[in-house]
1. Just a yes or no: is a residue in the range 58-65 in contact with a helix residue (DSSP H, G or I) (Cβ under 9 Å, 6 or more places away or on another chain), more than 29 Å from P164 (Cβ to Cβ) and of a type in the set (S, T, Y)?
2. Of the residues that make up the range 141-155, is at least one buried (at least 22 other Cβ atoms within 10 Å of the Cβ) and assigned to a helix (DSSP H, G or I)?
3. Do the conditions hold for S163, that is, is it of a type in the set (G, A, S) and either out of contact with any strand residue (DSSP E or B) (no Cβ under 9 Å at 6 or more places or on another chain) or buried (at least 23 other Cβ atoms within 10 Å of the Cβ) (or both)?
4. Considering only residues that are hydroxyl-bearing (S, T, Y), outside any loop (DSSP other than H, G, I, E, B) and free of Cβ contacts under 8 Å to residues at least 60 places away in the same chain, look in the range 156-180 and name the one that is farthest from E116 (Cα to Cα).
5. Condition first: crowded, with 20+ Cβ neighbours inside 10 Å and in a loop (DSSP other than H, G, I, E, B). Now tell me which residues in the range 181-229 satisfy that.
6. Is it fair to say G19 is surrounded by fewer than 18 Cβ atoms within 10 Å (Cβ to Cβ) and within 13 Å of the chain's Cα centre (by Cα)?
7. Please specify each residue of the range 166-175 satisfying the condition of being surrounded by fewer than 22 Cβ atoms within 10 Å (Cβ to Cβ) and touching a helix residue (DSSP H, G or I) at 6+ places or on another chain (Cβ under 9 Å).
8. Out of T12, T3, I need the residue that is surrounded by 14 or more Cβ atoms within 10 Å (Cβ to Cβ) and β-branched (V, I, T). Which one?
Amino acid sequence: MLTEHHCADGATAAAAMAGRIAALLNEAIAARGVATLALSGGRSPIPMLRALSVSDVDWSKVIVTLVDERWVAPDHADSNERLVRENLLHGAAAAARFVSMKNGAADAHAGQAECETAIAALPWPLDIVVLGMGEDGHTASLFPDAAELAEGLATRAMTLAISPPAAPHQRLSLSARTILSSRHILLQIGGAAKRAVYERARAGGPVAELPIRLALCQDDVPVEVWISA
């Protein structure tokens, strides 16, 4: 269920990944009249998002949401919503409907129920989930040292609130169950350090040690990985 795409550099990988996402969005629109896309934050996805923003897609039929979000205002420098709006949702792509994970609650734990309602109202299953991976093996906001990790891996809920001990800001994240309820999972890996973590994860072992294994070591959802130097 896992396909690797090896690219010479990050720019090539970003362009190829954007092309694949656009194709999957168009397939979903043709089949069901709507397409859903969940995106991760961080610096790595920016070139892919910019390439995707100019892709030939009927964006008025696309719903975009997040894989996880820091509990900060949508205009905060660390906001994943801000990153997606600035790098994807402009020009023709501004016609897409964006579903935020952030709401007006005082913290992520207080806001989880409202976020759960918003995510549950999306057309299911999600067509595409784009994951990231940290050098500690975390994906979404499922950090290996988070107190809520076991809940995130086991819960039947679609979302959960997390307070990662080694990263700033409380988070809301899709749960493992939600990620594995999607039609397609895509992942971009760049650089020697992340490539080494990826290879460790691919070899198998406890998901709690390297949470990215929840996607890489399963046979229910096809996974495509773009790998570059």
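FYI, it's all coordinate maths here, none of it is from the lab. On a predicted model such as this, the values are computed, not experimentally measured, just so you know. Positions of Cβ are generated from backbone atoms using ideal geometry, with glycine treated the same way; all protein chains shown enter the neighbour counts.
1. Within the range 58-65 (the criterion being in contact with a helix residue (DSSP H, G or I) (Cβ under 9 Å, 6 or more places away or on another chain), more than 29 Å from P164 (Cβ to Cβ) and of a type in the set (S, T, Y)), the answer is yes, since at least one residue qualifies.
2. Yes: the range 141-155 contains one or more residues that are buried (at least 22 other Cβ atoms within 10 Å of the Cβ) and assigned to a helix (DSSP H, G or I).
3. Values: of a type in the set (G, A, S): yes; either out of contact with any strand residue (DSSP E or B) (no Cβ under 9 Å at 6 or more places or on another chain) or buried (at least 23 other Cβ atoms within 10 Å of the Cβ) (or both): no.
Criteria not met by S163.
4. Step one: filter the range 156-180 for residues hydroxyl-bearing (S, T, Y), giving 159, 163, 173, 175, 178.
When the remaining residues are screened for being outside any loop (DSSP other than H, G, I, E, B), the result is 159, 173, 178.
With free of Cβ contacts under 8 Å to residues at least 60 places away in the same chain added as a condition, the list becomes 159, 178.
Numbers: T159: 6, T178: 11 Å.
Looking at residues that are hydroxyl-bearing (S, T, Y), outside any loop (DSSP other than H, G, I, E, B) and free of Cβ contacts under 8 Å to residues at least 60 places away in the same chain, I get T178.
5. Within the range 181-229, S182, V207, L210, P211, I212 meet the criteria.
6. So G19 does not fit the description; no.
7. H169, Q170
8. Going through T12, T3 in turn, the sole match is T12.
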